[in-house]
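Contents: one structure, followed by commentary.
The values are calculated or read from the model by the stated rules, or taken from the named source; none is laboratory data. All of these numbers come straight from a predicted model, not from anything done at the bench. FYI the Cβ positions are ideal-geometry reconstructions off the backbone, even for glycines, and counts take in every protein chain you see.
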Amino acid sequence: MPQCFENTADVLLTFESPYDAYVGTNPNQALNYRELGWTPADPSKIWHLVYGANREQMLHAIDLSRERGAGYVYVTDDVPANPWDSVPDAGYWSDEQAAISGGFVAPEPYPPLPFLNASPPTAPSALTATSTDYTSTTLSWEPSSDTDPGDAVSGYEILSGARSLLTMPADISSVRVGGLIPGYDYTFTLRATDLSGNRSLPSADVLVTTPTLTEAIASPEISETETTVTYGAEFFMPFSFRRVFIVTDSGQPCWWTGTVPQQCAEYLIENGSLLHYSGGAEGSGWTWTKVRELPGSYDGAYRYSWTLDKADLSSPGVQTVFNGEGYGPLSYLGVPTAVSGPDAEPTPASWFTELLRYLRQVTPATTLN
């Protein structure tokens, strides 16, 4: 794990355990010191923390830290619960400081700055918006250029009105902007920056109008064969969780869905899993046990569907509630089993009001392409 942060952290802590673990004699083998399985680009960043060491053990641990290439080491005679809440006594501390040579690690020199100039890069051109849906759009453009000697375009900045949405490196020429509100107009512009910090003139504006949306979930379909049941619906918001609550008549404990009217679901499809309710008899506690993986299908637009075996259920489903949560307001769509067609529980007006309240709290998200 420390290797993941090698290029961002000033110090990498790779050992923190008692002295007997540092010398490899702790009964718990998981605590004992192990050589790094990788070669640090800068060994001086490596830090070892050793506790529960008397004076002789402290001196031995410092010698070992040198052999093991640690750039930093701290040894104490303190012990858990918190061995770091005090400094050793004056004699111990003086001996430790004397045993560690210390010194200064000179940082690598910064690369020379490019020649600064006052000429900005050219303005980005051909800014266009494509694939606009209810909550996002894709912006694309032709790159800027900078012909000054030693200078170059270093990045781009997307703005909506006077608000800066994000900055991107120079090799990016397309970005997905999310967090938009359905049925709204947005104006986007783009400008380039060079290595000298100069900003270009803004690009031409591009106007984006997101489609109006009155329902977060619509067009439910439930179809059956002799051995399977398929549940599907259109999810117009990019929910983190797409769910199908399945109500049965088994009489087993179940989860109250929160719809109007309330439904008590024994089974739940959540993204790619089929779950069985295992909470309290009165539907207390969000507790589910995984029955099996249940990968769904996606049509590339908005429709998601899942097919399960009837044998997966303790008894046939008698009611179904589709649910979406995360990235948008909590949304439900109730539908009886074995029918198809929209039958939304929330009224469009109340759902859209809640959507606006939710999205106005969300900073537009972006995906680089």
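What to note about this one:
- A single entry from E282, E234 fulfils the requirement of being outside the structural domain of T137 (by TED's automatic domain parsing), among the acidic types (D, E) and buried (at least 19 other Cβ atoms within 10 Å of the Cβ): E234.
- Counted residues, region 185-204 - those being under 21 Å from T128 (Cβ atoms), surrounded by fewer than 15 Cβ atoms within 10 Å (Cβ to Cβ) and either in contact with a helix residue (DSSP H, G or I) (Cβ under 8 Å, 6 or more places away or on another chain) or of a type outside the set (V, I, T) (or both): 3
- Once region 122-145 is narrowed to residues that are assigned to a loop (DSSP other than H, G, I, E, B), at pLDDT 90 or above and under 20 Å from L195 (Cα atoms), the residue that is farthest from the chain's Cα centre (by Cα) is T122.
- So R34, is it more than 22 Å from S86 (Cα to Cα) and in contact (Cβ under 8 Å) with a residue 24 or more places away in the chain: no
- In the set G279, G326, G334, only one residue is at positive phi, touching a strand residue (DSSP E or B) at 6+ places or on another chain (Cβ under 7 Å) and either modelled with pLDDT under 90 or among the hydroxyl-bearing types (S, T, Y) (or both); that residue is G326.
- Candidate set: region 148-184, residues that are of a type in the set (S, T, N, Q) and in contact (Cβ under 8 Å) with a residue 12 or more places away in the chain; chosen: the one nearest to L213 (Cα to Cα): S160
- Within region 43-94, considering residues that are under 34 Å from the mean Cα position of the chain (by Cα) and assigned to a helix (DSSP H, G or I), the one surrounded by the most Cβ atoms within 10 Å (Cβ to Cβ): K45
- Residue match in region 296-315 (condition: touching a Lys or Arg at 6+ places or on another chain (Cβ under 6 Å) and modelled with pLDDT of 95 or more): yes
- Residues in region 146-180 that are of a type in the set (A, V, I, L, M, F, W, C) and in a loop (DSSP other than H, G, I, E, B): A152, A162, A170, I172, L180.
- Every condition in (1) under 23 Å from the mean Cα position of the chain (by Cα); (2) in contact (Cβ under 8 Å) with a residue 24 or more places away in the chain holds for D309 except the one numbered (1).
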